[in-house]
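Structure, as structure tokens:
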Amino acid sequence: MPAEDPRVGRPRSSSRATLEEAATELFLEQGYEATTVGQIARRAGVSRTSFFNYFPTKADVVWVAVDDALDALRVALAGAETAEDVFEGVLAVGARVDAQHVPLAITETEAMGGAAEIEAAGLARAARLGRELRDALGRGATLDAETTDVIARMTAGAVAAAWQAWAGAGVRRGELRDRLARALDLVRSGVREAVGESPRR
């Protein structure tokens, strides 16, 4: 096997975006399992060590868009006091998601192969989403622990379903916020009945 010289490929750059682009190309060209971290780094023009400065594992590369959204969600929910505040925070993040930056893990898993490893990384993101929602709902101190957990799980499921449908809709997918709004409407009525909040959009 030829040496994986990090100087070959794009001009030297340690940006996460460059590594993501290189990984995407290789995964689609030769499959996820056949692609090594060294090959990704080589195509990106960086060292193998630089890759791990940005991504703990190879599977994390295909979840960049979701990780960015989760980071934004934490900020958006920092001041949330009610369930409705949480819904509005989710919608605000959805409005800022780039329709051209769709998670490869959702749209191209079959083409790339390596589904088990990618799905395991996806479960970690789903767990983080649940924690962020549960923490935000719990800060309001108006809900008991069981109700908080139920609403967090319902909301996380609605968000995941909306994102999946949006990502799979192709180039005419429209805005993620619109799909999130429809999904969250299905959660709202139950929440209003449980905690007495009025809807607002």
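Restricting VAL61, VAL66, VAL102 to those that are at pLDDT below 90 and surrounded by 20 or more Cβ atoms within 10 Å (Cβ to Cβ) reduces the list to VAL102.
One residue alone among VAL66, VAL46, VAL86 is in contact with a Pro (Cβ under 7 Å, 6 or more places away or on another chain) and within 17 Å of LEU180 (Cα to Cα), and that residue is VAL66. Taking the criterion of being surrounded by fewer than 16 Cβ atoms within 10 Å (Cβ to Cβ) and part of a helix (DSSP H, G or I), the residues of the range 166-180 that qualify are GLY170, VAL171, ARG172, ASP178. Candidates in the range 161-175 are the residues that are touching a residue at least 12 places away in the same chain (Cβ under 8 Å) and touching a Lys or Arg at 6+ places or on another chain (Cβ under 9 Å); of these, the one that is farthest from TRP63 (Cα to Cα) is ARG173.
Against the list (1) in contact (Cβ under 8 Å) with a residue 12 or more places away in the chain; (2) assigned to a helix (DSSP H, G or I); (3) not charged (D, E, K, R), the condition THR142 fails is (2).
Say whether the condition of being among the basic types (Lys, Arg), crowded, with 20+ Cβ neighbours inside 10 Å, touching a residue at least 12 places away in the same chain (Cβ under 8 Å) and part of a helix (DSSP H, G or I) is met by at least one residue in the range 39-47. Looking through the range 39-47, at least one residue is among the basic types (Lys, Arg), crowded, with 20+ Cβ neighbours inside 10 Å, touching a residue at least 12 places away in the same chain (Cβ under 8 Å) and part of a helix (DSSP H, G or I).
The values are calculated or read from the model by the stated rules, or taken from the named source; none is laboratory data. Keep in mind that this is a model prediction, so the values were computed, not measured. Don't worry about glycine lacking a Cβ; one is built from the backbone with ideal geometry, like all the others, and counts go over all protein chains shown.
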